[in-house]
Amino acid sequence: ISSVEKSVTDGKSITIKATPATGYKFDCWTGSHPSNAQEYTLTATSDIDIQARFIPENATKPEGLIGYGACADLEGKVTYTLTGGFGGKKVTVTTLEELEAALTSDNPKIIYIESQITTPTEASTTLTAGSNKTLMSKTGNGHIKNIEIKLNGENYIVKNLHFSEVEAKEGTGNDALKIGGGKYVWIDHCEFNSNTDVDKDYYDGLLDITNGARSITISYSYFHDHWKAILCGSGDGAANQISDKNIRLTMHHNYFKNIGSRTPLLRYGKAHIFNNYWISTLDDSSAINARAGAEVLVENNVFNGI
């Protein structure tokens, strides 16, 4: 379709074609009409918002990624090659200031964290990660403490990192990791915790998914010693349904130990939750809480003391 054709008659067929630049390949169309067809014919029945996604020609699907994190659509039929920071600069950060600088902008970047990074005082802080980022530890020693990381853009890989103890009482941070409207996210082999020797509201969430965030896979991660772990959905009200009905989440092979509730709490959206393990010695622990019209496929899980 020509760039000058701003409007078309209702019901008209439109053909669009994606042509990659040298060094890149076409991956999919995202937006209101996702597709894996490079030349794509669609019918205009409403406003169309569609973008062609191009990735480096040597980029491949990350090994081990399954579920909604690899899908461009809400039905799970259009594949999305999640690349994170692939093709971008590789940096190792050791301080809060270096981490904040590395997260800025939407340019692809692979960020390695191999030590503990925290705030200079007990007050929590918040950092927002630009799109197209990989955050990971190669050694398993990467630890982000009392810092809320927000993933509000798209195309993130978070791997082999430890997130803990974001104090919600003082400072700007609330959750350890927050996907607020972000999409195309894979969280793999990570650890999340605080402690349960404090008031339930001293900490907030470990991993919250709100504002219509979607296309997310959480796998092989360890959540422990926390009151309220994973909130999916902004609220029970009808206004929240508009965006949160698009939440799409896959959770598999995760371990939940001594979590009070919300593993996850899901509103309006859809989730596939399989091959996870829950165990708790806390009073009144709960696991999956589907409410406000949420739809969840739950299979092959183990619940112990829940």
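The values are calculated or read from the model by the stated rules, or taken from the named source; none is laboratory data. It should be emphasised that the depicted structure is a prediction, and the values quoted were computed from it without experimental measurement. FYI the Cβ positions are ideal-geometry reconstructions off the backbone, even for glycines, and counts take in every protein chain you see. The area values use the complete protein model at the heavy-atom level, side chains included, leaving out ligands, DNA and RNA. Shrake-Rupley method; radii C 1.70, N 1.55, O 1.52, S 1.80 Å.
Values as computed for the structure displayed
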read-out: Answer from G88, G76, G84 - the residue that is touching a residue at least 24 places away in the same chain (Cβ under 8 Å), touching a strand residue (DSSP E or B) at 6+ places or on another chain (Cβ under 6 Å) and closer than 15 Å to Y184 by Cβ; value: G84
read-out: Verdict on N195 being at pLDDT below 95, more than 23 Å from G142 (Cα to Cα) and assigned to a loop (DSSP other than H, G, I, E, B); value: no
read-out: Residue satisfying condition, being of a type outside the set (A, V, I, L, M), touching a residue at least 40 places away in the same chain (Cβ under 8 Å) and in contact with a helix residue (DSSP H, G or I) (Cβ under 6 Å, 6 or more places away or on another chain), within set R291, R248, R267; value: R248
read-out: Residue that is modelled with the highest pLDDT [pool: residues in the range 256-278 that are within 21 Å of K200 (Cα to Cα) and open to solvent by 50 Å² or more (accessible area, probe 1.4 Å)]; value: K257
